[in-house]
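The values are calculated or read from the model by the stated rules, or taken from the named source; none is laboratory data. Here the structure is a predicted model, which means the values were calculated and not measured. FYI the Cβ positions are ideal-geometry reconstructions off the backbone, even for glycines, and counts take in every protein chain you see. Side chains are part of the model used for accessible areas, which takes the heavy atoms of the whole protein and leaves out ligands, DNA and RNA. Shrake-Rupley method; radii C 1.70, N 1.55, O 1.52, S 1.80 Å.
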Amino acid sequence: MILESIEINGQSVLVPAGQSVAAALFAAGISIFRHTHEENAPRSIFCGMGTCFDCLVTIDGIPNQRACMTLVHSGMKIRTTANEND
Amino acid sequence: MKTTELAVIGAGPGGLAAAITAASAGVRVTLIDEYPHPGGQYLRGAAQTSTPPVSRTEQRSRQLLHQLPHPNIEVLTGTLVWGIEDHTLALYNADGVRFLRAERIIIAAGGRERVLPFPGWTLPGVMTLGAAQILAKEHGLLPGKRILLAGSGPLLLAAAKSLLAQNAQIIAILEATHPIAWLAHASAIWGNFDRLREGGVYANVIRQHHIPYRIGQTIIQAAGEEYLESVTAAHLDRRGNPIPGSEEEIVADTLCLGFSLIPNTELTQLAECQHEYNPARGGWVPTRDQHLQTSQPDLYVVGEAAGIGGASMALLEGQIAALAITQRFNHIPTLQRQLRPLRRFGAMLNMLFSPLPALDALADDETILCRCQEVRAGEIRQAIRDGSHTLSSLKNHTHTGQGQCQGRTCGPLLTRLIASETDNLPENAGQFRPRPPLKPIPLSALAQEHHP
């Protein structure tokens with residue numbers, strides 16, 4: 001298995017190449033991806049196939065990217081907003 | 001602008017069958033899929049799997065996938081079709097925005113899962129069966145440690161099999177419908193022995209792992225601080241009302257839900273194809289002629305996007321549309337004959353496992369219906385009482401459906417809610433009108449059109 005180095009909330013982790021960002025986050029033990037604007041409610045994976053827009057995270061500086069539809073690439077920087085609210 | 005002879009949108013079984021059938025006849029095909037890998041939800045992880053196929057349909061679908069790359073097919077994965085106008089498709093991918101003019105178009109956009117709202121359904125840890133299955137099948141991961149599956153239909157079993165292959169701890173599978181309803185539909189099984197065998201494989205796996213399969217039950221509440229901690233299960237009467245006193249609290253960190261599938265019709269709606277409401281096909285579907293052409297010339301739609309019927313149906317429909325486009329009409333009648341029992345079976349599943357009417361009442365007034373805009377059921381029910389009897393009117397008055405998912409999740413729920421609150425037919429509630437971009441795209445991509 002080929003591993004790639006990515007950064008999740010500033011921490012380096014190794015993940016299998018071809019994994020989705022959502023899967024990489026789950027594998028790293030991060031299962032809350034963001035908090036909602038209105039009610040600050042936690043959200044995570046819901047539909048898993050690009051329909052619901054619940055799993056939004058910031059990828060390489062671009063906000064509101066669907067974690068379930070994006071594959072990791074070497075050097076990718078992922079930020080979950082759950083972390084920013086801590 | 002780039003041109004192509006045939007654009008196929010969606011690279012699941014239906015799209016693959018269409019693309020490869022047309023390409024083998026010498027047609028120049030552009031096969032487009034939003035996900036970075038072809039195969040659709042059905043073939044997630046299939047390219048690298050060592051598990052034997054559960055059916056002839058899965059085997060055939062994998063064979064099609066392995067025919068890529070194909071000299072006549074340009075595969076554009078990771079590419080969103082965000083607009084369709086006449087014969088021009090608006091595309092967005094990592095390279096930016098571009099436009100593609102296609103002489104003919106086959107839409108194979110698939111379906112999505114329906115989840116019914118109830119208190120706590122927005123908590124992390126509550127997800128669709130498909131989401132859990134993708135984690136397991138494609139990524140070899142489990143969504144949690146103590147997993148419960150609830151909803152209705154064969155996907156419950158398919159998801160359980162994928163999770164068990166990763167050694168999941170499944171506490172129970174809760175099927176909402178009653179076995180008495182199953183018997184009434186038994187005749188549609190005739191001629192669908194491949195599907196029955198597949199069902200047998202699932203049943204065996206569940207039995208071997210001693211997973212309780214509880215019929216006539218569902219989850220009525222999910223609870224937890226920041227993440228799912230427990231759920232409440234209840235027995236249902238035949239209309240779907242929870243039976244008082246039957247509630248049982250179960251500790252779980254993951255709840256996977258699915259109440260059958262609904263067709264993705266955003267593209268055919270945007271293309272102004274004629275649609276009809278047909279519960280036996282899963283709800284709103286585009287109307288088609290015998291060659292699966294929509295009311296718009298040279299625009300075809302196949303597979304789940306035209307009515308839920310499973311991958312076996314999608315494979316046949318993809319071939320039929322491609323044969324019609326390549327004028328090989330003499331091959332079509334045989335395929336149409338094979339389609340008939342599958343359609344019957346699909347209609348049976350859609351009717352049998354369509355959510356019981358009283359399940360809509362599980363969402364109390366505090367339950368969020370529109371997950372994006374966080375609009376609660378109480379506000380929506382009030383708007384319906386105040387005279388909003390269509391989805392468009394509800395969107396105007398409550399902000400439901402105005403968020404990022406553009407009403408894909410709440411739309412079908414609102415259709416049911418309006419129908420039950422006004423005691424009217426679901427089709428009278430209308431649909432949300434999709435508009436481009438069909439899914440959000442960054443402005444920076446629009447600002448610089450890509451010129452290949």
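Of all the listed residues (B:109, B:186, B:172), the sole one being open to solvent by 20 Å² or more (accessible area, probe 1.4 Å), modelled with pLDDT of 95 or more and of a type in the set (A, V, I, L, M) is B:109. Just to be sure, is residue B:235 open to solvent by 20 Å² or more (accessible area, probe 1.4 Å) and at pLDDT below 95? Answer is no for this residue. Looking only at residues in region A:32-86 that are surrounded by 14 or more Cβ atoms within 10 Å (Cβ to Cβ) and part of a helix (DSSP H, G or I), the one that is nearest to the other protein chains (Cβ to nearest Cβ) is A:82.
Elements of the type strands (runs of 3 or more DSSP E) sitting completely within region B:118-190 and holding at least 1 residues that are farther than 13 Å from residue A:48 by Cα and within 14 Å of chain A (Cβ to nearest Cβ): these cover B:147-152. Picking from residues in region B:90-103 that are touching a helix residue (DSSP H, G or I) at 6+ places or on another chain (Cβ under 8 Å) and within 14 Å of chain A (Cβ to nearest Cβ), the one that is nearest to residue B:79 (Cα to Cα) is B:92. Residues that are surrounded by 20 or more Cβ atoms within 10 Å (Cβ to Cβ) and either at negative phi or basic (Lys, Arg) (or both) within region B:38-61 comprise B:38, B:41, B:42, B:43, B:44, B:46, B:57, B:58, B:61, listed in sequence order.
A single entry from A:23, A:28 fulfils the requirement of being at the interface with chain B (Cβ under 10 Å from one of its Cβ atoms), touching a strand residue (DSSP E or B) at 6+ places or on another chain (Cβ under 9 Å) and surrounded by 13 or more Cβ atoms within 10 Å (Cβ to Cβ): A:23.
For region B:254-269, the criterion of a residue being more than 20 Å from the chain's Cα centre (by Cα) and surrounded by fewer than 24 Cβ atoms within 10 Å (Cβ to Cβ) is satisfied by no position.
For region B:91-107, which positions are hydrophobic (A, V, I, L, M, F, W, C) and in contact with a Leu (Cβ under 8 Å, 6 or more places away or on another chain)? Answer for region B:91-107, where residues must be hydrophobic (A, V, I, L, M, F, W, C) and in contact with a Leu (Cβ under 8 Å, 6 or more places away or on another chain): B:91, B:97, B:99, B:100, B:102, B:105, B:106, B:107. A count restricted to region B:38-52 and to residues that are touching a helix residue (DSSP H, G or I) at 6+ places or on another chain (Cβ under 7 Å) and either not in a loop (DSSP other than H, G, I, E, B) or not charged (D, E, K, R) (or both) stands at 9. When B:359, B:369 are checked against the criterion of being part of a helix (DSSP H, G or I) and touching a Ser or Thr at 6+ places or on another chain (Cβ under 9 Å), a single residue qualifies: B:359. For residue B:57, state whether it is over 17 Å from the mean Cα position of the chain (by Cα) and assigned to a loop (DSSP other than H, G, I, E, B). No; evaluated as a whole, the condition is false for this residue. Residues in region B:367-405 that are at the interface with another protein chain (Cβ under 10 Å from one of its Cβ atoms), open to solvent by 50 Å² or more (accessible area, probe 1.4 Å) and touching a Gly at 6+ places or on another chain (Cβ under 9 Å): B:373 alone. Within region B:262-289, the residues that satisfy the criterion of being in a loop (DSSP other than H, G, I, E, B) and either hydrophobic (A, V, I, L, M, F, W, C) or in contact with a helix residue (DSSP H, G or I) (Cβ under 7 Å, 6 or more places away or on another chain) (or both) are B:264, B:265, B:271, B:273, B:282, B:288. Pairs are defined by a Cβ separation below 6 Å, a sequence spacing of at least 6 or placement on different chains, a first member in region B:302-320 that is open to solvent by 10 Å² or more (accessible area, probe 1.4 Å), and a second member that is part of a helix (DSSP H, G or I) and of a type in the set (Val, Ile, Thr); the pairs so defined are B:311/B:57; B:312/B:57; B:319/B:21.
Can you tell me which residue in region B:104-117 is nearest to the other protein chains (Cβ to nearest Cβ), limited to those that are part of a strand (DSSP E or B) and in contact with a Phe, Trp or Tyr (Cβ under 9 Å, 6 or more places away or on another chain)? This residue is B:113. For region B:417-429, indicate whether the set of residues that are free of Cβ contacts under 8 Å to residues at least 24 places away in the same chain, open to solvent by less than 40 Å² (accessible area, probe 1.4 Å), farther than 21 Å from residue A:50 by Cβ and not charged (D, E, K, R) is non-empty. So far as region B:417-429 goes, yes, one or more of its residues are free of Cβ contacts under 8 Å to residues at least 24 places away in the same chain, open to solvent by less than 40 Å² (accessible area, probe 1.4 Å), farther than 21 Å from residue A:50 by Cβ and not charged (D, E, K, R). Within region B:145-171, the only residue that satisfies the criterion of being over 18 Å from the mean Cα position of the chain (by Cα) and at positive phi is B:167. Scanning region B:202-223 for residues that are surrounded by 16 or more Cβ atoms within 10 Å (Cβ to Cβ) and farther than 28 Å from residue B:237 by Cβ returns a single hit, B:205.
In the set B:250, B:320, B:262, only one residue is over 28 Å from residue A:48 (Cα atoms), modelled with pLDDT of 95 or more and among the hydrophobic types (A, V, I, L, M, F, W, C); that residue is B:320.
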